[in-house]
Amino acid sequence: MVIINADDLGMTPGANMGIFKGHDEGLLTHASIMANCDYFDEAIDGIKKRPNLNLGVHLNLTYAKALIKNPLYCNKDGVFNLGYKDLLLNRNKELLDAIEQEWDAQIKKTIISSNRELTHLDSHRHIHLIPHLYPIVVKLAKKYNIKRVRLIKESLLKSLKLTKKVNFILNGGVIKYLLLKSFSIKDAKYKDLYKELYFYSILYTGVVEKDVLKKIVNKNENIEVMLHPSITSLDRDVYFYDEAEKSYRVSKDREKELEAILLAKEKN
């Protein structure tokens, strides 16, 4: 089973249209939606027209406005204001309870709006892997009968053999990989809802190439590939809540990943 998953559905028009094009004309099988983002309704309209596009929730605590306004994690305007480090270091029970309520609301909103069963949970910036947040996700997955929660079961050697590139050294991919891999090992001991799946693209986040994607599809292993395709021209005038996210979403790499999804299918 090869899962080609696009994160960030609902964040921008470009992300929405890129993901739908990737499904309609390419290899994209799954998408993870951000229920609190500004273009959620537009994304849901597209999802309803695509019954074969599997849908999950991209749980979020770091971008755009919260569904439940709470000063523990957002500013006076309701915008999330905690960073990864804040979430990593804060184990306050009041905050954890508030996070559970917010994530529950994001899942519930998606189920009601899409009127379908969800296939998976993951998160923006992989915050669900933080060991004291992961049990919350498992609890919610069981509550809503969601079978799969992403873990980073990526092999450094296997990914190197597949790509034959070490450009992840320059973009900080090794540190990110080691951190998330260590979290995933600990999380799996608590509860493994990822099971036999292998994961690809933490090391090469945002720069998955068409030749690599073609190799993965042809091997037909149990694997999830994470991508962030987009039609960036649609996002030039979009309001972004932070500049780092804008830089990522309008990068030419978003178009390259969409091209990979489309061309990998053409060559098969």
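Read the figures in this text as sums done on the coordinates, not as results from a lab. All figures in this text were calculated on a predicted structure; none of them were measured in a lab. Cβ placement follows ideal geometry from the backbone for every residue including glycine, while neighbour counts extend to all protein chains displayed.
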Point to revise | 15 Å beta-carbon shell around residue 107, net charge (K/R +1, D/E -1) | key: +4
Point to revise | Rg/Rh (Cα only; Kirkwood hydrodynamic radius) as it applies to segment 141-260 | key: 1.00
Check your understanding: Computed FRET efficiency, Cβ-Cβ of residue 161 and residue 88, R0 22 Å: what is it to the nearest 0.05?
Key -> 0.10
Check your understanding: Do the alpha carbons of any pairs in 21/210; 158/181; 165/191; 21/181; 181/246 sit beyond 23 Å of each other, and which pairs?
Key -> 165/191; 21/181; 181/246
Review point. Any idea how far the Cα center of segment 191-253 sits from the one of segment 48-106, in Å?
Key: 21
Exercise for review: Stick to the Cα atoms of the chain, pair each with every other, and give me the Kirkwood hydrodynamic radius in Å at one decimal.
Suggested key: 18.6
